Amino acid sequence: MMKMKPLRKMILVKLCLASLFFFYSVQEHQSHAAQSADTELFIDVGRAGTRKLKMAIPVFGSEPGTAVSEADKEFAADRLSEIFAFTNSFEFVPASSYLAKGNIASKPIQFDEWVPIQTEAVILGKFVPSSSAGKFTLDLRFYDIKRRQQLHGVRYSDFEVGDLERILRRFADKCIEKLTRERGIFSTKLAFAGARRAGELRQIFISNFDGSGLRQITNNGSINMSPSWSPDGTKLTYTSFREGKADIYVYNMLTQRTSKLTTGFGNNSGANWHPDGRRIAFSGSHSGLTSIFTVNSMDGGDRKSFIAGSGLEVEPAYSPDGAKVAFVSGRFGNPHLFIRDLRSDSDTRITYAGWYNSSPSWRRDGRKLSFAGYDRDIDRYDIFTVNPDGRQMERLTLDQGDNEKPSWSPDGRYIVFQSNRLAKGRGKANSYKLYIMSRDGGNLKQLSIPLHDAVMPIWSPHLDAVD
């Protein structure tokens, strides 16, 4: 599949795979549409080429006695528009087209004012006086214009101005859920390794779903890599050489404290959490071999050999139901993807094409894996998806630098990955940046993160306990 010379062969293979993927996509889309038959508004988030929903988000309003500036009200509406725009599923009605004038968001919804300009959805936000000094209360309403009804409404009481971003993202998540019956990704985060300047050793960072809100987790003057979220999003494991060799550490998002998980037994790296949160699988070196082990996630105890062989065994990834583990093995030569069925304790090889396949990542429904594959003929790593049985392999990137370390969003609509592609052209840059694309490879966007480089991204689960 990945040996693609001559070019005609490459195109033919890609077209065949695209045909299979199109059939699957149609079936999946029809299933979603049937589930949403009782909802007038429906968008297929995370798929390229679908019709966009026409939405209006006027400048937020305010009631008398509310200590909020015009700039704050404009920022709130603009930021909410940016959040929805990230999906590439909305077309925003310009304010110059509004029939209603003045403080629109402070008045009751007038459906007849939106129908002539073909608006399908309207969000009205209004700041109201709070019972606590120095705090705010925000009323948000999401309307279906054609049906003339409110789809979602909520009042956030007594929050501080620093909480506004979090409130807007959580409201947008609920709006997406009303449109698709699947929670949005706006309250999720990304964890990754990165360096602020060239030549610096990489540290662990986290950001919001779109790269905003950058926060540095480590600052230890050593190499840090391979972050991984706990199933509830309250902990973050990562690999660090802070004590001279590779070991796994755990950062608690609630307490902001770090503890060491692994000790002894050579180098330990690449942690992956079991869905129940009780055990962690990782790659460890022992007696000259690199195999896969597990430990208790609480204290690193009860270390057990998990997957071992005569070759390289690395990068374990538990399936969403915890019944399987995808991993990379060099037992037959070059590294390829395998899946171990934990019920039968049997291994199945699922990739045969390509020189080197790595970084398996499960989609939340367990029906797809993404991975990075090296195409030796064009000297590139690219992102692929494949079914757990090895069928329906699809190439999502092509001839744009090296594309590696894919990770699925918790709703299965997006993939984040690292790439050293140039901003313009097809060559390779000197540093890696993070990119997000739809599950079918469309709607590609580079995240604006103020770092020299960023690598090894991992998408968080939906975060309720932390922000």
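Some points to look at:
- Within region 240-266, the set of residues being assigned to a loop (DSSP other than H, G, I, E, B), surrounded by fewer than 17 Cβ atoms within 10 Å (Cβ to Cβ), more than 23 Å from the chain's Cα centre (by Cα) and among the polar types (S, T, N, Q) comprises 255, 263.
- Being surrounded by 15 or more Cβ atoms within 10 Å (Cβ to Cβ), out of contact with any helix residue (DSSP H, G or I) (no Cβ under 8 Å at 6 or more places or on another chain), under 23 Å from residue 416 (Cβ atoms) and small (Gly, Ala, Ser) is a condition met by no residue of region 341-353.
- The condition of being at negative phi and assigned by TED's automatic domain parsing to the domain that holds residue 331 holds for residue 283.
- Complete set of residues in region 229-239 that are part of a strand (DSSP E or B) and surrounded by fewer than 23 Cβ atoms within 10 Å (Cβ to Cβ): 235
- Looking across region 119-153, the residues that are under 22 Å from residue 78 (Cβ atoms), modelled with pLDDT of 95 or more and out of contact with any helix residue (DSSP H, G or I) (no Cβ under 7 Å at 6 or more places or on another chain) come down to 119, 120, 121, 122, 139, 141, 143, 153.
- Filtered residues of region 414-431 (kept if out of contact with any strand residue (DSSP E or B) (no Cβ under 7 Å at 6 or more places or on another chain) and either in a strand (DSSP E or B) or closer than 28 Å to residue 177 by Cα (or both)): 430
- Among the candidates 375, 382, 399, residue that is at pLDDT 95 or above, over 26 Å from residue 174 (Cα atoms) and not aliphatic (A, V, I, L, M): 382
- Which numbered condition residue 354 misses (of (1) within 26 Å of residue 292 (Cα to Cα); (2) modelled with pLDDT of 95 or more; (3) not acidic (Asp, Glu)): (2)
- Selection of region 387-403 for residues being assigned to a strand (DSSP E or B) and crowded, with 24+ Cβ neighbours inside 10 Å yields only 403.
- Residue ID - farthest from the chain's Cα centre (by Cα), chosen from residues in region 165-188 that are not in a helix (DSSP H, G or I) and not aromatic (Phe, Trp, Tyr): 181
- For region 189-217, the set of residues classified as without any contact (Cβ under 8 Å) to a residue 40 or more places away in the chain, within 25 Å of residue 317 (Cα to Cα) and in a loop (DSSP other than H, G, I, E, B) consists of 217 only.
- Flag if residue 378 is surrounded by 20 or more Cβ atoms within 10 Å (Cβ to Cβ) and β-branched (Val, Ile, Thr): no
- The C-beta contact set for region 306-321 (first residue in the same structural domain as residue 279 (by TED's automatic domain parsing) and more than 13 Å from residue 283 (Cα to Cα), second residue aromatic (Phe, Trp, Tyr) and surrounded by 15 or more Cβ atoms within 10 Å (Cβ to Cβ), distance under 9 angstrom, 6+ apart or interchain) comprises 318/273; 318/362; 319/362; 320/362.
The values are calculated or read from the model by the stated rules, or taken from the named source; none is laboratory data. Note that the coordinates shown come from a computational prediction; the quantities given were computed from them, not determined experimentally. Because the Cβ atoms are built from the backbone with ideal geometry, glycine has one as well, and the counts that use them run over all protein chains shown.
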